[in-house]
Every structure is written in structure tokens, then in C-alpha cells.
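Visitor: This is the structure, below, for whatever I ask next.
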Amino acid sequence: MITGVFDDFSNNDHRTIFETCVALKAERIPVDLSTICQRLTGQQRKLSYLIKDHYPTTETFEHWIRYLKRFSLEQKLRKEAGEPDIDLEGVDSIVSEIARVNQTKPLYLPISQVEDLKEDPATLIRTGLTDVDRFLIFRPKNVLVIAGRKGEGKTSFGLGMLHFTSQEYPVAVISLEMTAEEIKARVRQACGLLPQKNFFIADPPALSTNGLYHLCKRLRDREGVKLFMLDYLQLMRETAKFQSRHLEVSHIIRRIKEIAKELDVGIAVISTLARGADDAARPSLSMLKESGDIEYAADSILFIWSPSKDDKENFIAESIKIASIDRQRHGVSYKDINVFWFDKLTRFANYDAQHDELNGKARAYVDQG
């Protein structure tokens with residue numbers, strides 16, 4: 001809560017007094033009139049404020065921090081609303097920040113008061129592919145990165161997951177690559193029937209993490225969306241300047257994780273691989289484009305890739321792809337999960353080891369959709 005608070009003061013004397021309180025608290029010295037005055041000896045102007053006004057104490061310190069931050073944000077909101085050309089996104093950002101400041105959740109709790117982790121299988125987010133769901137651990141507040149080379153079906157995999165999950169609760173795709181019309185056509189092509197409800201599409205021309213937060217929050221609050229797919233990570237740009245693209249993408253993926261946790265939603269993020277990855281048969285974590293921090297911020301990382309023809313033995317080359325769970329924060333990784341891929345439909349389906357021809361039982365998976 002203290003971070004950035006000092007910038008909210010318009011009076012330098014007040015700022016100095018508050019800095020003194022923060023320093024005392026950091027040193028575990030009780031904050032009261034006597035200890036503050038001792039630190040401000042010789043600064044009569046600042047001391048005069050303490051004599052005639054209220055001052056924070058150890059017991060009320062957090063309350064005053066919250067009060068100060070809320071007052072500063074309300075002032076900014078009044079100023080923003082009074083401008084001839086109102087920045088709606090800016091206003092929305094301030095309102096959201098006020099809501100966060102008003103939250104009374106304590107900064108820490110004794111372990112006896114922390115709720116037990118609920119391992120309820122019903123809370124897991126499913127992809128609709130049985131073998132993948134057997135090993136993938138993806139739940140609200142988690143970030144799943146779906147990575148692969150160009151043309152491997154990353155977006156199709158994510159859209160299939162959204163289509164499957166929309167039967168239970170609202171979902172949304174946020175596309176920076178395709179238009180809403182193109183997304184709709186892809187869903188119709190792959191799934192046949194379009195979802196009649198619970199499926200939302202956003203196609204902003206550009207998106208920062210601040211814009212992503214407000215878009216996700218609005219869809220969650222107004223439409224009840226619990227699962228988002230972002231297509232794709234490397235097209236996001238921040239308004240702030242970074243020394244390198246690597247640092248910018250690192251910041252973006254960490255912020256996406258914060259958004260998922262704060263809003264209590266699942267976020268599936270499509271990511272491309274570095275160019276050098278085309279030379280290797282099996283993708284690896286080191287190939288994630290532009291940022292090694294993707295590996296550490298994501299809860300699960302799933303690669304979609306095509307094995308070589310030699311690896312497929314008697315299988316038709318175009319009919320099989322591999323899903324590899326190369327990292328899981330809450331479980332073990334699991335590689336080489338076979339899935340059927342129908343190129344003309346841009347659709348994945350469950351793999352059946354008893355059938356190695358498309359016109360056999362595999363074809364039925366499409367007909368069932």
C-alpha cells in the first residue's frame with residue numbers, strides 16, 4: 001500500500017511527516033507524537049502541524065495510508081472528469097484503483113486463519129481433449145501458455161478449449177491478430193455450430209496490460225466471464241518505455257499473472273517460438289520468444305508441435321500432432337500426448353490408438369461435433 005503514496009502529497013511538510021512515520025515503523029519504533037517530534041527536532045513548521053492536527057499512530061497507520069491514497073485518487077478523478085475530452089479508460093483506471101484501495105483484506109494473516117487449499121476437480125478448466133485434461137492442471141487464477149511454431153494450431157487449440165468450456169460458463173477470446181469476424185468464421189469452421197451464448201470476442205487494434213486488465217474486469221463483472229484467451233502475447237505493447245523488448249515481454253507476462261490472480265479468472269495465452277526453433281524437432285522452454293520469464297510467470301506451459309514422419313511410423317503425417325506439458329507449477333510435466341489434427345477444419349480431437357486412418361473412427365470425432 002505504501003508504494004507510490006509519497007507522490008500523493010501536495011504539501012511537502014506533510015510528506016516529510018509521513019516519511020518520518022514510515023521510517024519509524026520500518027525500524028519498529030512506536031509511532032506517536034513523542035517519537036515523531038524527536039525525529040523532527042528543529043523543524044518547527046512541520047511540528048506545528050502535529051500540534052494542531054491529528055497524527056498517525058502505530059495502531060492507525062494502515063488506516064491513514066488507505067485514507068491518503070483514496071483522497072488522492074478522488075482528487076484525480078474530479079480533475080479527470082472536469083476535462084473537456086474525458087479519457088474514459090483513465091477514469092475507469094482510477095475508479096478501479098479506488099476499489100482496490102477500499103478493500104480491507106489484511107496484508108498478512110497467521111497461518112491458523114488462512115483458508116485451506118481446496119483441491120476440487122470441478123474447479124479445473126478443461127480443454128475438451130481427454131488425454132490432455134488427464135494431466136493438465138489449469139484453474140482460475142492460473143495462466144496457461146499455449147506455445148508453438150507458426151501454423152501448428154495454437155489458436156485452434158485455444159478456441160476449441162473456449163468452445164468446450166462455454167457449455168459451462170462464459171468465456172472470451174481477446175484477439176490482437178484476427179478480427180472478430182475472422183474468429184467467428186474459425187469457430188464455425190472447426191466446431192460446426194456456433195455457441196448461442198457464453199462466448200464473447202474482443203479484437204482491440206492494440207492492447208497494453210492496463211487495457212487488458214480493464215477489458216477482463218469489464219467482461220467478468222458484466223458478462224460473468226471466467227476464462228480468457230489472449231491471442232497472442234508477442235503482439236502486446238506497453239505504453240511505458242523499456243530498455244529492451246525482452247524486459248517488456250517479461251513485464252507483460254508477470255502482469256498477466258497478476259490480473260488472473262486479482263480477478264480470479266483463468267487466462268490462456270498464445271505464444272510464438274523464436275525463429276531458431278524451426279530447426280529443432282521438439283520445442284523446449286528455451287525457445288519461447290523474447291522472454292525467459294514466460295517460463296517462471298506461467299503456471300503451465302503446453303507446446304503444440306508436429307513430429308517428423310519417421311516418428312509417426314504408420315500414421316498419416318497430417319493427422320497427428322503432439323501436446324507436451326513442459327512445465328506445471330502445481331503438478332508434474334507430461335510429454336508426448338497424441339491428438340488428432342484435422343487440417344481442413346483447423347480442429348483438434350481425441351486420439352484413438354486403435355485407429356490410424358482418418359476415414360476410420362477418427363473421422364467420427366468430427367461428425368459428432
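The values are calculated or read from the model by the stated rules, or taken from the named source; none is laboratory data. Not measured: the values here are computed from a predicted model. Virtual Cβ from ideal backbone geometry, glycine too; neighbours counted across all protein chains shown.
Visitor: Find the residue count for segment 230-246, including only residues that are more than 11 Å from Ala297 (Cβ to Cβ) and in contact (Cβ under 8 Å) with a residue 24 or more places away in the chain.
Guide: Selection size over segment 230-246: 11.
Visitor: Okay, moving on. Test each condition in (1) part of a helix (DSSP H, G or I); (2) modelled with pLDDT under 85; (3) not aliphatic (A, V, I, L, M) for His330 and report the one that comes out false.
Guide: (1)
Visitor: Quick one: would you say Ala190 is small (Gly, Ala, Ser) and within 30 Å of Asp293 (Cα to Cα)?
Guide: Answer is no for this residue.
Visitor: Test Ser166 against the stated conditions and say whether it is out of contact with any Pro (no Cβ under 8 Å at 6 or more places or on another chain) and of a type in the set (Ser, Thr, Tyr).
Guide: no
Visitor: Determine whether Leu117 is assigned to a loop (DSSP other than H, G, I, E, B), surrounded by fewer than 19 Cβ atoms within 10 Å (Cβ to Cβ) and under 22 Å from the mean Cα position of the chain (by Cα).
Guide: yes
Visitor: Wholly within segment 1-97, which helices (runs of 4 or more DSSP H) include no fewer than the required count, namely at least 1 residues that are at pLDDT below 70 and loosely packed, with under 11 Cβ neighbours inside 10 Å?
Guide: It comes to 33-39, 44-52.
Visitor: Please go through segment 230-248 and pick out each residue that is assigned to a helix (DSSP H, G or I) and aliphatic (A, V, I, L, M).
Guide: Leu233, Leu235, Leu247 - these are the residues of segment 230-248 that are assigned to a helix (DSSP H, G or I) and aliphatic (A, V, I, L, M).
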